[in-house]
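> Dropping a structure here in structure tokens format, bear with me for questions.
The values are calculated or read from the model by the stated rules, or taken from the named source; none is laboratory data. In this text the structure is predicted, and so the values were computed from the model without any measurement. Here the Cβ positions follow ideal geometry from the backbone for every residue, glycine too, while neighbour counts run over all protein chains shown. Please note that ligands, DNA and RNA were not included when accessible areas were found on the heavy atoms of the full protein model with its side chains. Shrake-Rupley method; radii C 1.70, N 1.55, O 1.52, S 1.80 Å.
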Amino acid sequence: MTIRAFNELYLSDAQTNLANAFDYAINVCEQPPDIFGQIFARSDYAKKFECGDPAIVSGKSGVELVKVVLAKTVDFFPQSQFSQDRSPEYWAGWALAYYQWYSAKRFKDIFARIPLSQIVLMYKIFHEMDITAFVESIDRRYNEIEVETKLRSLREVRGLSQRELSKISGVKLRSIQLFEQKVNDIDKAQAHTLYKLARVLGCTIEDLLENPEQIL
């Protein structure tokens with residue numbers, strides 16, 4: 001059973017705010033969709049959004065959200081532009097906020113399989129349909145796409161071989177191999193094993209889990 005981070009009463013605010021954020025960032029600030037998606041997904045504000053922090057999902061406007069997320073990379077923020085016509089980017093944020101709330105998946109896990117630019121393209125087919133049609137479609141895509149394990153991805157980013165990671169962390173080489181091959185489920189690994197790996201890889205234990213939304 002999926003445990004959702006916040007009450008459905010706040011969902012409309014969350015959808016509107018993320019919709020305005022995507023529309024403003026991409027169409028007004030001219031941020032490339034996939035780059036902005038990754039910056040947002042890896043920010044503390046995305047984590048707060050995922051946890052249902054009322055100051056983010058309801059208390060901060062989409063424009064304000066973009067400004068704090070891009071504060072270190074953008075020097076000038078243009079005036080926001082209101083339009084009666086909802087852009088595909090607006091719809092993508094609106095639909096994605098619902099899907100994240102419904103599935104409890106992290107934004108960075110969603111974007112690892114389905115980039116924001118692809119979600120924007122789904123507008124043509126799904127924007128006039130009930131939101132459940134979008135949820136079913138994106139859920140199917142998410143589950144069909146095979147991606148390398150997070151352990152392997154983090155290990156390769158750090159430039160470590162499996163043997164080197166084993167030696168530095170103290171975790172058996174065979175255990176690392178079985179986790180990366182998905183023979184053993186890393187989500188069921190003992191806490192001290194995850195801690196040893198996370199310490200060497202410079203990440204959180206959550207970053208190593210394949211399905212953190214089902215555990216945390």
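> When only residues in region 183-202 that are among the basic types (Lys, Arg) and closer than 19 Å to Ser161 by Cβ count, which is most open to solvent (accessible area, probe 1.4 Å)? I'd like the intermediate steps shown before the answer.
Just the residues of region 183-202 that are among the basic types (Lys, Arg), to begin with: 188, 196, 199.
Then keep just the ones that are closer than 19 Å to Ser161 by Cβ; that gives 196, 199.
On the way: Lys196: 66, Arg199: 142 Å².
Across region 183-202, the extreme among qualifying residues is Arg199.
> If only one of Arg141, Arg113 is surrounded by fewer than 16 Cβ atoms within 10 Å (Cβ to Cβ) and basic (Lys, Arg), which one is it?
Going through Arg141, Arg113 in turn, just one is surrounded by fewer than 16 Cβ atoms within 10 Å (Cβ to Cβ) and basic (Lys, Arg): Arg141.
Here is a yes/no grid of residues against (1) in a helix (DSSP H, G or I); (2) modelled with pLDDT of 90 or more:
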{"residue": "Val120", "(1), (2)": "yes, yes"}
{"residue": "Glu136", "(1), (2)": "yes, yes"}
{"residue": "Arg140", "(1), (2)": "yes, yes"}
{"residue": "Glu148", "(1), (2)": "no, no"}
{"residue": "Arg163", "(1), (2)": "yes, yes"}
{"residue": "Ile168", "(1), (2)": "yes, yes"}
{"residue": "Tyr195", "(1), (2)": "yes, yes"}
{"residue": "Ala198", "(1), (2)": "yes, yes"}
{"residue": "Glu213", "(1), (2)": "yes, no"}
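Let's see how each residue does on (1) closer than 22 Å to Met129 by Cβ; (2) crowded, with 16+ Cβ neighbours inside 10 Å; (3) at pLDDT 90 or above:
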{"residue": "Gln38", "(1), (2), (3)": "no, yes, yes"}
{"residue": "Ala46", "(1), (2), (3)": "no, yes, yes"}
{"residue": "Ser58", "(1), (2), (3)": "no, yes, no"}
{"residue": "Val68", "(1), (2), (3)": "no, no, yes"}
{"residue": "Asp75", "(1), (2), (3)": "no, no, no"}
{"residue": "Gln79", "(1), (2), (3)": "no, no, yes"}
{"residue": "Gly93", "(1), (2), (3)": "yes, yes, yes"}
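> Does Leu154 satisfy the criteria of being farther than 26 Å from Thr16 by Cβ and outside any helix (DSSP H, G or I)? Walk me through how you get there before you give the answer.
Details: farther than 26 Å from Thr16 by Cβ: yes; outside any helix (DSSP H, G or I): no.
No, not satisfied.
> If a residue has to be farther than 25 Å from Leu9 by Cβ, part of a helix (DSSP H, G or I) and without any contact (Cβ under 8 Å) to a residue 12 or more places away in the chain to count, how many in region 37-78 make the cut?
The number of residues fulfilling the criteria is 1.
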